[in-house]
Amino acid sequence: MTAPSTDDLTSRLQGLWLPLITPFRDGELDEASLRRLVRHYAAGPVDGFILAATSGEGMSLRADELERLVTVTRSELSGGGRHLPILLGLSGASTAKLLDALDETATWPIDGYLIASPYYIRPSQRGLVQHFTALADHASWPIVLYNIPYRTGVSLTNETLLQLALHPNIAGMKDCGADRAQSIDFLSRRPPNFGVLTGEDALYHEALADGADGAILLSAHLETDAFASVQTLLKQGDRDAARACWKAISALTRLLFAEPSPAPAKYWLARSGLIDSAEVRLPMVEVSAELAALLDEEIERRRPQLLRRA
């Protein structure tokens, strides 16, 4: 498989990307449910997949499971005749270990990497520049930066992002900085051909209105068509319709993060029959009885709409 150029990936860093959950059953990767998920979402308005990132419980996966996850996903996409790009989520606190991971995955059928800032270490901005530069210099596939300071303990400043954005093997970023002013400033100063996807589900509409190219949304596992329509309507200039569409689904972004993600989404998907089990891996736990009741109520409330669309 020929590695895509950074320009190729950047041109596809737009629209609605899905950070696919990883289905488990009896402690193992559930390949049957995975294939069902991929077929279902590939038939809809999804523009790309993220595998093994936060929503995919990537840090709980063994190396063999990680490779199987990629292989099965690509196989299902190929069988369906649609080539959607795949980004593989990587994270870690050691530059050297991440360089090894880049070597181990260099021949996998992916289109790029989503790489978070080093967690726990809290390096300086100079250290972050050197870290991501070393990775980008070494990687066989383009890199998308993942700025998520509330998980890693360190934020990529806009000056650091602007410096990294000039690297020929860094295609864009997933913005989970949760700082609208910083995001707007970066969007106004980013270089051409550098994609920005918001990863803040609750801020999806405002991020698009501010100029983001699209989004990576756990919530879009549900009501996928409606999430995609928000951006379509904005692009068409119909702001009122986009706002109304967003209002109809925005509550989902709060409900699905009422307890640690992706447990609520997995509960919903299991209840809908897309996956066989809501199982998560420790230290994640399945949703509480209280949240399960709220989710059941919302599923029943939306069921007539879902049946009409089927």
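The values are calculated or read from the model by the stated rules, or taken from the named source; none is laboratory data. Small disclaimer: the values here were computed from a predicted structure and weren't measured. Quick reminder, even Gly has a Cβ in these numbers, built from the backbone with ideal geometry, and neighbours come from all protein chains shown. Note: areas computed on protein heavy atoms with side chains; ligands, DNA, RNA excluded. Shrake-Rupley method; radii C 1.70, N 1.55, O 1.52, S 1.80 Å.
The table that follows gives values for the structure above.
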| read-out | value |
| --- | --- |
| Value of [θ]222 nm, deg cm²/dmol, for the chain, DSSP H segments ≥ 4, -39500 (n - 2.57) each, nearest 500 | -14500 deg cm²/dmol |
| Segment 172-184 - phi-based ³J(HN,Hα) in whole Hz, Karplus 6.51/-1.76/1.60, Gly and Pro as x | x, 8, 9, 9, 10, x, 6, 10, 4, 4, 5, 5, 4 |
| Under 5 Å, built H, 5+ apart or other chain: amide partners of ASN147 | LYS174, CYS176 |
| Carbon plus sulfur fraction of accessible area for the chain, probe 1.4 Å, in percent | 52 percent |
| Peptides ranked, highest mean first, by Cβ atoms within 10 Å: ranges 69-82, 87-100, 167-180, 212-225 | 212-225, 167-180, 87-100, 69-82 |
| Top positive-direction residue, dipole computed over the chain with Cβ charges, set TYR41, ALA136, GLN163 | TYR41 |
| Paired Rg and Dmax values of segment 18-141, which use every Cα atom, in angstrom | 15.1, 45 |
| Centroid-to-centroid separation of segment 56-93 and segment 154-178 [C-alpha atoms, Å] | 23 Å |
| Exposure ranking of LEU18, LEU29 by accessible area [1.4 Å probe, largest first] | LEU29, LEU18 |
| Projected area, mean over directions - the chain, Cα convex hull, nm² | 15.1 nm² |
| Contour excess over end-to-end distance, with Cα ends at MET284 and ALA96 and 0.36 nm allotted per residue | 64.9 nm |
| Total lysine pairs under 25 Å (Cα atoms) in the chain, excluding pairs fewer than 8 apart on one chain | 6 |
| Positive dipole terminus of segment 181-302, leading residue within LEU187, ALA248, ALA207 (C-beta point charges) | LEU187 |
| Translational diffusion of segment 120-192, µm² s⁻¹ [Kirkwood Rh, Cα pairs; Stokes-Einstein; 4 °C; 1.567 mPa s] | 103 µm²/s |
